[in-house]
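To keep things clear, I will list the structure first and then write my remarks on it.
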Amino acid sequence: MNPSLKLLLLLLIALEISFTTIVSLNIALVLLAALYLLLKGTKFKTLGWLLIVPLLPAIGLWSTQYINGSGDKTLMAWVLFTRIYAFVFTGATFTLTTNILQLADALEQNWHLPSKFAYGVLAAYNLVPKIQHEVQIIRAAGLMRGQQLSFWSPQLYFKAILVSINWSQNLAQAMASHGYVEDAPRTHYRQVRLRLRDWLILGLGLSCLQLGVFVIPWR
Amino acid sequence: MKWAKSWTLSDVILIALIGIFFGAIFMGTNYLYDVLTAALTPFGLAGLANELLLGIWCMPGMLAGYMLRLKGSATLGELLAAVVEMFFGGQWGAATLISGVLQGFGSELGYIITRYKHYDWLGLTASALTTTIVTFGWDLAKNGYLKLQLWLLVLYLVVRFISMFVFGGVLTRLITDLLDRSHVLKSTHTN
Amino acid sequence: MATIALNNLTFTYPQAVAPTLQHVSLTFTSGHFTLLTGPSGTGKSTLLKLMTGLLPLDDPAAIQYDQVNLSAIDQTDRAAKVAMLFQNPNQQFAMDTVENELVFALENRQVDPTQMAARITAALDFVGISALRQRKLLHLSGGEKQKVALAVIVAMDSDVILLDEPFASVDPTARASLLRRLVQLRDKAGKTIILADHDLTDYQALVDDVVKVTPARNIVPVTVAQRPALFQAFEQRVSTTTTWPQPTSGQPAFKLHQLALTQGQHQLLQPTDLTLFQQHVTLITGPNGSGKSTFFEALVRLHAYQGRISYAGQDIQRLKRRAYARQVALLFQDAETQFLNITVQEELAQSQKHAAGTYFTTARIQQALAQLNLAGRDEQVIYTLSEGQKKKLQILLMLIMQPPVLLMDEPLKGLDLASINALVQLLQTTLAATQQTLVIISHQLTGLTPLIDYHLHFDQQQLRYQGVPHES
């Protein structure tokens with residue numbers, strides 16, 4: 001499916017279930033998403049991990065409603081508990097099957113997102129491991145000058161921004177040297193199509209969701 | 001897309017990098033979130049952990065808005081941070097994007113109502129306030145806050161504003177003061 | 001084919017006090033390989049960036065390609081005219097894989113997608129890196145990244161190729177291979193090549209022209225007659241006739257037990273047992289890209305390693321980071337990494353406040369500042385200092401900290417001879433009093449030799465003491 005429409009569908013699902021209170025719908029979404037992921041070759045271990053990671057926040061939300069809720073506390077507790085899992089599993093159908101490059105291509109080619117946004121973010125994204133290492137370096141350099149830099153230290157962010165400014169200029173210059181010109185036309189090697197099929201899947205998905213929300217009498 | 005014209009490639013890379021850098025720094029606070037959540041869960045106050053730390057996660061947007069002073073910089077700063085988070089180890093999926101847009105737009109709103117003229121405490125406070133209101137509105141639905149008892153709702157709202165003000169306001173100001181004094185930003189932004 | 005003319009080119013960075021380049025009038029001949037030389041931080045990068053159109057010009061006629069102003073060449077056509085290979089291989093790619101980066105460049109050039117695969121294959125073949133096509137750029141060595149950068153330029157078929165200190169993190173084999181390709185590009189494809197480097201090794205036989213930056217920030221040709229002297233002077237700066245004794249016994253600072261280092265998929269160091277000694281100065285030399293800086297990063301726990309490193313008898317992984325950082329500090333290659341504040345005075349105060357020893361009193365600091373020609377700059381913003389001043393300040397800040405062990409990564413980089421002499425003198429008097437342990441990575445040996453006790457050489461995945469074994 002076209003990555004941009006897939007993301008749109010998932011965004012709409014996430015939005016709609018945020019305003020519904022149907023436990024069984026949340027569970028159905030989790031099961032559907034898990035099934036989809038298995039068909040796409042996701043390992044059981046990864047699925048297990050998706051079950052464990054949100055457990056603490058899910059219990060937190062559950063207990064908040066169960067103890068301090070108003071109205072039908074038990075229902076709301078379970079709605080929120082299952083909603084978190086619905087977010088995580090439907091989200092995983094995107095993040096585990098689509099990479100940022102595919103999304104950027106689709107947004108650039110199908111939706112005419114200015115290429116500077118697509119490639120600017122990609123250039124930064126591809127430096128994530130370097131950035132994690134740089135944060136360690138900044139912290140270590142601080143300790144060597146006798147200063148512990150914590151998440152509340154302005155200097156830690158200041159140093160990170162200085163590095164960001166430096167890197168952003170280097171990257172922008174390198175991209176210009178590789179022929180990139182802002183707002184200039186480009187050709188596309190990886191063609192991303194927006195087919196009728198994609199729109200049909202989007203429509204079908206949304207219709208099924210409406211059935212689940214308004215027609216089928218679950219609770 | 002007129003607003004997009006005022007953005008240069010290096011601006012886009014810059015705020016994306018800042019979003020990632022901040023994200024990498026915040027990762028270090030995850031343990032704090034976990035410990036607080038676990039400790040508060042038996043009392044049904046787990047959300048307090050989120051409220052206390054939410055200001056940190058809204059920093060990229062608030063800082064981008066205050067630092068770059070471009071229309072849309074707060075929204076885009078937070079959105080880009082959310083995009084990267086979604087792909088890199090973020091497990092909340094599309095909900096991350098929705099939160100990102102709302103957090104960013106919330107921060108932007110403070111500058112919109114001060115007409116992009118108040119890059120001072122007024123603008124910062126307005127931004128912290130609008131970020132609080134917009135994100136809280138979303139959590140009324142998403143996190144079921146609407147169904148909570150009133151005293152808890154008020155407590156959460158107050159704590160959230162304090163967090164936004166401390167991290168998005170005070171800390172942002174301290175950071176940008178350092179940047180101003182170092183003269184690095186001006187020389188880069190004329191290029 | 002393009003002849004490039006610089007016409008009375010002057011460039012001053014915004015907010016800079018002095019111009020970086022002044023009244024430069026020079027012609028680069030089409031189809032020639034020109035070496036642009038001069039000390040670090042004297043405007044070589046700036047010139048190349050100006051020639052690529054990456055920095056704005058005041059006078060549009062100051063740079064002309066075949067009598068056409070650079071600014072008059074449409075931006076979308078510029079990459080066909082001129083492309084640049086940058087010094088830092090880590091920040092010159094937008095994409096994740098080698099192939100995607102080449103695709104990105106060809107898309108920018110609006111190449112027909114059906115022709116791209118063939119052009120990419122040809123470019124990778126030419127540079128000899130077909131096997132890297134699907135690899136992630138992140139996992140490549142410095143040398144491989146520069147080869148990819150060259151492949152991008154080859155695929156774009158740019159007339160003029162500018163290279164800015166391209167070999168700073170490239171190992172000798174990759175460097176030789178890259179130089180061979182550049183010569184081939186000149187001879188077979190008629191490309192114009194301009195390469196900036198302060199390291200002059202190997203160029204004498206390869207290049208057609210040599211130009212150098214003068215102290216007045218002008219750029220002048222070096223005549224054929226002047227060249228031997230230039231290359232010889234460089235040889236002397238990086239070689240030394242001094243040999244140091246091999247260490248025999250002493251108090252160990254670090255003990256390495258089967259230490260092995262890798263960078264991505266590359267083995268940098270085979271399992272090695274070695275001792276570094278306390279209260280001595282150990283010099284580490286070795287070619288670029290051999291892993292010297294990575295070794296330092298491992299010693300301060302910024303890079304993962306196999307085997308064990310112990311400091312003062314304890315495994316460094318078991319020490320608290322904070323306590324360990326007060327024992328063993330690293331002088332980073334990039335001076336700005338070490339700074340935390342805004343003004344010179346604030347930095348000095350910070351170091352003095354957290355110093356591990358008391359050697360640097362306020363009086364001694366003032367004296368050292370005078371010695372290093374940094375006096376009277378208390379209120380200056382450090383980010384407005386010149387590169388040389390930043391380096392000297394950085395070293396002073398770390399000396400004031402007085403850590404028992406200081407690892408220095410290329411401490412003399414970009415410094416003139418007067419600064420080097422002042423610095424070595426300061427180090428000598430300080431060490432005599434503080435008995436600190438120093439480990440120094442340096443390419444530049446002139447002036448440094450009196451300080452050194454032992455010499456380690458890092459090459460071919462081996463780290464070994466050099467010099468004559470002690471007779472006992």
Considering only residues that are in a helix (DSSP H, G or I) and within 17 Å of the chain's Cα centre (by Cα), look in region B:111-121 and name the one that is surrounded by the fewest Cβ atoms within 10 Å (Cβ to Cβ).
-> B:Trp121
Give just the number: which of (1) hydrophobic (A, V, I, L, M, F, W, C); (2) under 24 Å from A:Leu162 (Cβ atoms); (3) crowded, with 20+ Cβ neighbours inside 10 Å does C:Ala368 not satisfy?
-> (2)
Filtered residue count, region C:404-449, keeping only those that are at pLDDT below 90 and of a type outside the set (A, V, I, L, M) | 8
Name the one entry in C:Gly53, C:Gly43 that is crowded, with 19+ Cβ neighbours inside 10 Å and touching a helix residue (DSSP H, G or I) at 6+ places or on another chain (Cβ under 6 Å).
-> C:Gly53
Single residue of region A:21-48 satisfying the filter (surrounded by fewer than 17 Cβ atoms within 10 Å (Cβ to Cβ) and of a type in the set (Ser, Thr, Tyr)) that is farthest from A:Thr95 (Cα to Cα) | A:Ser24
Return only the number of the condition from (1) surrounded by 11 or more Cβ atoms within 10 Å (Cβ to Cβ); (2) part of a helix (DSSP H, G or I) that A:Phe214 does not satisfy.
-> (1)
C:Thr241 vs (1) in contact (Cβ under 8 Å) with a residue 12 or more places away in the chain; (2) on the phi < 0 side of the Ramachandran plot; (3) of a type outside the set (Gly, Ala, Ser): all pass except (1)
Kindly provide the set of residues from region C:106-136 that are assigned to a helix (DSSP H, G or I), touching a residue at least 24 places away in the same chain (Cβ under 8 Å) and among the β-branched types (Val, Ile, Thr), ordered by number.
-> C:Ile120, C:Val127
Of the residues in region C:291-341 that are in contact with a His (Cβ under 9 Å, 6 or more places away or on another chain) and in a loop (DSSP other than H, G, I, E, B), the one that is surrounded by the most Cβ atoms within 10 Å (Cβ to Cβ) is C:Gly291
Counting only residues in region B:65-110 that are surrounded by fewer than 24 Cβ atoms within 10 Å (Cβ to Cβ), more than 13 Å from every other protein chain (Cβ to nearest Cβ) and free of Cβ contacts under 8 Å to residues at least 60 places away in the same chain, the one nearest to B:Thr8 (Cα to Cα) is identified as B:Arg69
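Name the residues in region C:391-410 that are within 18 Å of the chain's Cα centre (by Cα) and under 24 Å from C:Ala363 (Cβ atoms), would you?
Within region C:391-410, C:Lys391, C:Lys392, C:Gln394, C:Ile395 qualify.
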Of all residues in region A:152-190 being at the interface with chain C (Cβ under 7 Å from one of its Cβ atoms) and touching a residue at least 12 places away in the same chain (Cβ under 8 Å), the one that is farthest from the chain's Cα centre (by Cα) = A:Gln155
Pick out the one residue from A:Gln136, A:Gln148 that is surrounded by fewer than 21 Cβ atoms within 10 Å (Cβ to Cβ), within 8 Å of another protein chain (Cβ to nearest Cβ) and in contact with a Gly (Cβ under 7 Å, 6 or more places away or on another chain).
-> A:Gln148
Examine region B:11-28 for a residue that is away from chain A (no Cβ under 11 Å), closer than 25 Å to A:Leu55 by Cα and either within 17 Å of the chain's Cα centre (by Cα) or at pLDDT below 95 (or both), and state whether such a residue exists.
-> no
Hey, any hits in region C:290-308 for a residue that's of a type in the set (Lys, Arg) and under 29 Å from C:Thr449 (Cβ atoms)?
-> yes
Residues that are more than 23 Å from C:Leu200 (Cα to Cα) and more than 14 Å from chain A (Cβ to nearest Cβ): which strands (runs of 3 or more DSSP E) entirely in region C:1-76 hold 1 or more of them?
-> C:4-11, C:21-28, C:63-65
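Scan region C:213-233 and give yes if some residue there is among the hydroxyl-bearing types (Ser, Thr, Tyr) and either within 14 Å of C:Phe28 (Cβ to Cβ) or in the same structural domain as C:Leu276 (by TED's automatic domain parsing) (or both), otherwise no. It would help to see each step written out before you state the result.
Taking region C:213-233 and keeping what is among the hydroxyl-bearing types (Ser, Thr, Tyr), we get C:214, C:223.
Within this subset, residues satisfying the condition of being either within 14 Å of C:Phe28 (Cβ to Cβ) or in the same structural domain as C:Leu276 (by TED's automatic domain parsing) (or both) are none.
Checking region C:213-233: not a single residue is among the hydroxyl-bearing types (Ser, Thr, Tyr) and either within 14 Å of C:Phe28 (Cβ to Cβ) or in the same structural domain as C:Leu276 (by TED's automatic domain parsing) (or both).
The values are calculated or read from the model by the stated rules, or taken from the named source; none is laboratory data. Here the structure is a predicted model, which is why all the values come from computation and not from measurement. Don't worry about glycine lacking a Cβ; one is built from the backbone with ideal geometry, like all the others, and counts go over all protein chains shown.
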